[in-house]
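Reviewing the structure listed below.
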Amino acid sequence: MAQIGLFSSVLFLLIAFSSIFIFRIQVWKSLLISSIFTLGIFMPFTLVFLLLGTAITYQIGNKIQSSFPLTGLGNGILIGFLIVYKLKESWIDHFILLDVEIWEETGIWQIVGLSFFVFNAISYLMDIKKKFIKPTDSFFKLMLYLLYFPTLHAGPLHRFTYLNSQFEQAKITEASFTNGMRLILWGIFKNFVLAQRLNQLLISLKGSEIAGWWTLLIGLVFFFYIYFSFSSFVDFFQGISEIFGIRLKDNFHKRVYFSSNRHEFWKGWHITLNEWFRDYFFYWQIKFQFWRTKPYLLLLLTYMLIGLWHGISWQYLFWGFLNGAWILLEKAWQLPKLRQGGLLKQSMGIVYHILGCSFIALVFIYPTLGDLWNKIKMPTYFPIEVWFIQRRNIFIFFVMFFIVDLYHLWSKDERMDSFLESVSPWERRLIYTQLVVSLFVFGDFSGGLNNYYLAF
């Protein structure tokens, strides 16, 4: 969609840069105006809807400490918005007076970033109720927190105090601009060179006659595609924020794709979403006597809700159930200890987890479980024509993936901008050259800059 392309991000930066000359030291006002104008131009329906949600959150937040029922009312309204929107695929077809095809093609009905908006708004209200923070006296600062353009598109989720303190001190420096551009380059490289090529392979495999246990290959490709697609957007918007001295949280561990068990995987995958459910659901529920004696059941329920976060359907609910059950089985069988073993045990753990990921990814992407089961029980078949059509994509992906993994190993726990700052000038220039040349020579720009996770 055009709304989430590079152009909207460039427009956001241009408006922010221009308005900084007006507001000077109050850069947060420039970020607010830029977010509003960018959303208004590309996603007007999103802007109207989120402004309404912001007004509700602000009013309830200011009164929540003096009226207990407002806690449930505020959260209920926000979650209600999200549930109704998640059910859009069913209710939109009932608008018989509307041309549904036009709605679907133009994306008029799509509210970008609603999940991130609602979860951030709930965390704001819950933190006020718990007296961790006081209600903000500025409606516009709350608006910036909830409507901030980069976090609406890829998250990660943040608490109000974390972002607001940075908004108030936001400024552009030579270091912040350089670090931001490094992350933007890294994100664009991962998206166009790796994610988009995997997407082309995924489309070919899903459209082929592949059957039997070869179907797991679709899940494997999707697993790596979603990692590089989602994480590249996080890198990209971290870079945009870093330009203004705002450090968004990391949402992925670098080599999460080589996890040796499910517990380790979820510690490094969509980190802020997991932390949100931990802090605002699991810890909140475990206080009650009923759940104190059933923590594993509560854990299973938590993962089922994470599944429903992606969409309200039996498919996503079952996907969440499988994730929770997988972790509980690992706890019972003590499989997390594989990481503590030698190289052989760790390698076995990685293979075991990737096979499990491939299957669980199929549950995530297939329209129904019946369709998936029918595909798997068919006679095993691999369409060799896919290899001939996609062999260039496959070769480029493996070479580039090897390079990216080397960077991950080399940089250890450092974020890419900090890592590039720490290496010697000649190493830095060599990495820049490799990324830029690879982007222009091997980048796949045919599909545009698409964020798969905006569907959720």
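With K and R counted +1 and D and E -1, the other residues having a Cβ less than 13 Å from that of residue 208 yield a net charge of 0.
Only helices enter this figure: runs of n ≥ 4 DSSP H residues, each worth -39500 (n - 2.57), summed and divided by the residues of the chain, yield -22500 deg cm²/dmol at 222 nm to the nearest 500. The distance linking region 414-438 with region 277-311 is 42 Å (Cα centroid to Cα centroid, whole angstrom). Per atom type, the chain shows carbon and sulfur on 69% of its accessible surface, probed at 1.4 Å. In this view, the solvent-accessible surface of residue 263, computed with a 1.4 Å probe and all protein chains in place, comes to about 80 Å².
When only alpha carbons of the chain are considered, Rg and Dmax amount to 22.6, 67 Å. Compared with the alpha-carbon gap, the fully stretched path from residue 293 to residue 51 is longer by 82.9 nm at 0.36 nm per residue.
In a DSSP loop and with at most 10 other Cβ atoms within 10 Å, the trypsin sites (Lys or Arg not before Pro) in region 275-320 are 287.
Residues 432, 407, 257 ordered from highest to lowest accessible area at a 1.4 Å probe: 432, 407, 257.
The length gained on full extension between residue 421 and residue 181, counted as 0.36 nm times the residue separation minus their Cα-Cα distance, comes to 85.2 nm.
Just list whichever of 130/267; 267/345; 267/412 have alpha carbons separated by over 18 Å in the model shown. 130/267; 267/345, as the Cα separations exceed 18 Å there. By a 1.4 Å probe calculation restricted to protein chains, residue 29 has an accessible surface near 60 Å², given to the nearest 10.
Once the GluC sites (Glu not before Pro) in DSSP loops with at most 15 neighbouring Cβ atoms within 10 Å are cut out of the chain, the longest remaining piece is 1-208. On full extension, the segment bounded by residue 305 and residue 347 gains 12.0 nm, given 0.36 nm per residue less the C-alpha separation. In the context of the full set of protein chains, the chain has a per residue accessible area of 47 Å² (1.4 Å probe). Is the C-alpha gyration tensor of region 1-50 telling us rounded, prolate or oblate? Criteria: a/c under 1.5 is rounded; beyond that, a/b larger than b/c is prolate, otherwise oblate. Here region 1-50 falls in the oblate category. The spread of Cα positions in region 121-174, taken along each principal axis and listed from longest to shortest, comes to 39, 23, 17 Å.
The values are calculated or read from the model by the stated rules, or taken from the named source; none is laboratory data. These numbers were taken from a predicted model, which means no experiment stands behind them. As a convention, Cβ positions derive from the backbone with ideal geometry for all residues, glycine included, and neighbour counts pool all protein chains shown. SASA here: full protein model, heavy atoms, side chains in, ligands and nucleic acids out. Shrake-Rupley method; radii C 1.70, N 1.55, O 1.52, S 1.80 Å.
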